[in-house]
Amino acid sequence: MSRTSYLPGFYKLSPEERVRIVKEFADLTEEETQLLLKAGNLDLSVADRMIENVIGTWPLPLGVATYFVINGRDYLIPMSIEEPSVVAAASNAAKMARPGGGFVASSTDPIMISQIQLVKVEDPEEARRQILAEKEKILEIANSQDPVLVRLGGGARDIEVRVIDTEMGKMVITHLLVDVRDAMGANTVNTMAEAVAPFIERIAGGKVYLRIISNLADRRLASARAIWKKDAIGGEEVVEGILHAYTFAAADPYRATTHNKGVMNGVIAVARATGQDTRAIEAGAHAYAARNGRYTTLTRYWRNEDGDLEGYIEMPMAVGIVGGITRVHPIAKIALKILGVKTARELAEVMAAVGLAQNFAALRALVTEGIQAGHMKLHARNLAMAAGATPDIVDEVVERMVREKAIRFDRAREIIEEIRRSRG
């Protein structure tokens, strides 16, 4: 077969047939081919219905964070992530928060926004007034698309209309505000926007182009707060150090980006485990961090009157426990069962608490032993295994690399050879 990506009908093939084509294209070995076809806890037939052109699955470790108390209830938190130290750090932060009562979390109603873009309007302000005047009819049209959601207490609640300036001229943007209950809500709000669009064109003139969800879910917020007793985290000096680290991030977008990455280590690990739209959550979080015109932190910290450290997080959290991948992926179903959450709002609150815990753990590590201490030991283990260390020698290889401060792939290979020679 010639080496070409022009493959008409590729999507119609079975995963096994696609793998045979990819094998020839990329000159894969038989072992590599079999690894692609190896089904784990996500069967290839299920994966093939989830996305297009499936040739295999891509498993990640699934861990459980311990020690979490949120709103007075104990949780085990499933987390799926490839980065070392994240699950351990979240667990440690939760353990240190327990003397202060754990995490107190809350959330707003699950309101999602769909945007309807109206262009080529002669009088944008008059169009805005006409759309607002027909608010009840617009909501009626929207809610007729999902009577089940309305019966469950959700549905389109309100509209907002803005006139914005762009390089292509003024645009009239209608926001449809929809309570999506326990769903993430993308399909629901997009369907409603599609239904409403022709009516908006008819009453306001112009032409509708985009009818699409906004992932800046700033009406669907989750927050969490915790107190870390100074004696539980290393004393007044550690509290002081964390406050210096936080205020640095709050003032500087370069540092704030990495600060918030620490938050998202926790949030996205839970999101991935439970089958959420991780890209939507990431995009919404970072947009929210810049909502006042400058990118800053999703968390805040301060010293309370007892000298203890308090932390707070608030961020958009568009998550669901019904529909989408949560219905299809077997591990997502199990992860939700382990969590025991009953509503999407409860899941959002759990994820906010994990984000705060993860961020606190990173800050504490940075101002005490440094972030690399625990991280590099786990990194050394990954390197040792990649270099060929078998289970019976991997601990010795790691210990020697850490002791020598030579955590490198080439050194791992050398140590493995030295150990094997010494054992005959």
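The values are calculated or read from the model by the stated rules, or taken from the named source; none is laboratory data. The structure displayed is predicted, hence computed values, not measured ones. No Cβ is skipped: glycine too gets one built from the backbone with ideal geometry, and neighbour counts run over all protein chains shown.
Structure notes:
- Criterion: at pLDDT 95 or above, in contact with a Phe, Trp or Tyr (Cβ under 9 Å, 6 or more places away or on another chain), within 26 Å of A332 (Cα to Cα) and among the acidic types (D, E) - qualifying residue of E16, E52: E52
- Failed condition for R364, given (1) more than 23 Å from E310 (Cα to Cα); (2) crowded, with 22+ Cβ neighbours inside 10 Å: (1)
- Per-region count, the stretch 272-309, residues β-branched (V, I, T) and in contact with a Phe, Trp or Tyr (Cβ under 9 Å, 6 or more places away or on another chain): 2
- Options V148, V121, V161: the member that is in the same structural domain as E194 (by TED's automatic domain parsing) and part of a loop (DSSP other than H, G, I, E, B): V121
- Of the helices (runs of 4 or more DSSP H) lying entirely inside the stretch 207-282, those containing at least 3 residues that are in contact with a Gly (Cβ under 6 Å, 6 or more places away or on another chain) and modelled with pLDDT of 95 or more span 253-273.
- Counted residues, the stretch 383-401 - those being assigned to a helix (DSSP H, G or I) and either assigned by TED's automatic domain parsing to the domain that holds A88 or buried (at least 16 other Cβ atoms within 10 Å of the Cβ) (or both): 7
- When A271, A290, A285 are screened for being without any contact (Cβ under 8 Å) to a residue 40 or more places away in the chain, small (G, A, S) and under 22 Å from D179 (Cα atoms), only A285 passes.
- Every condition in (1) buried (at least 18 other Cβ atoms within 10 Å of the Cβ); (2) in a helix (DSSP H, G or I) holds for I21 except the one numbered (1).
- Consider the stretch 317-348 and keep the residues that are of a type in the set (G, A, S) and closer than 17 Å to R181 by Cα. The one that is farthest from the chain's Cα centre (by Cα) is G323.
- Counted residues, the stretch 273-319 - those being among the basic types (K, R) and touching a Leu at 6+ places or on another chain (Cβ under 7 Å): 1
- Residue match in the stretch 354-374 (condition: of a type in the set (D, E) and under 30 Å from R411 (Cβ atoms)): yes
- Qualifying residues in the stretch 28-48 (those that are of a type outside the set (V, I, T) and surrounded by fewer than 11 Cβ atoms within 10 Å (Cβ to Cβ)) - the one farthest from A94 (Cα to Cα): E30
- Residue within the stretch 348-371 that is out of contact with any helix residue (DSSP H, G or I) (no Cβ under 9 Å at 6 or more places or on another chain), modelled with pLDDT of 90 or more and either of a type in the set (S, T, Y) or part of a helix (DSSP H, G or I) (or both) present: yes
- Restricting L42, L13, L36, L7 to those that are outside the structural domain of L363 (by TED's automatic domain parsing) and in contact with a Gly (Cβ under 6 Å, 6 or more places away or on another chain) reduces the list to L36.
- Residues that are of a type in the set (K, R) and buried (at least 19 other Cβ atoms within 10 Å of the Cβ), drawn from the stretch 202-224: R211, R219, R220
- Note on the stretch 58-85: among residues that are touching a Gly at 6+ places or on another chain (Cβ under 7 Å) and modelled with pLDDT under 95, the one that is surrounded by the most Cβ atoms within 10 Å (Cβ to Cβ) is S85.
- Of the criteria (1) among the hydrophobic types (A, V, I, L, M, F, W, C); (2) touching a Phe, Trp or Tyr at 6+ places or on another chain (Cβ under 8 Å); (3) not in a strand (DSSP E or B), which one V69 fails: (3)
- S114 vs. criteria hydroxyl-bearing (S, T, Y), under 24 Å from R181 (Cα atoms) and touching a Leu at 6+ places or on another chain (Cβ under 9 Å): yes
- Scanning the stretch 288-335 for residues that are assigned to a strand (DSSP E or B), within 21 Å of L243 (Cα to Cα) and not small (G, A, S) gives T299, R300, Y301, W302, R303, L309, E310, Y312, I313, E314, M315.
- Residue match in the stretch 164-179 (condition: more than 18 Å from D123 (Cα to Cα) and touching a Gly at 6+ places or on another chain (Cβ under 9 Å)): yes
- Members of the stretch 72-105 found to be over 30 Å from V22 (Cα atoms), of a type in the set (D, E, K, R) and not in a helix (DSSP H, G or I), listed by number: R73, D74
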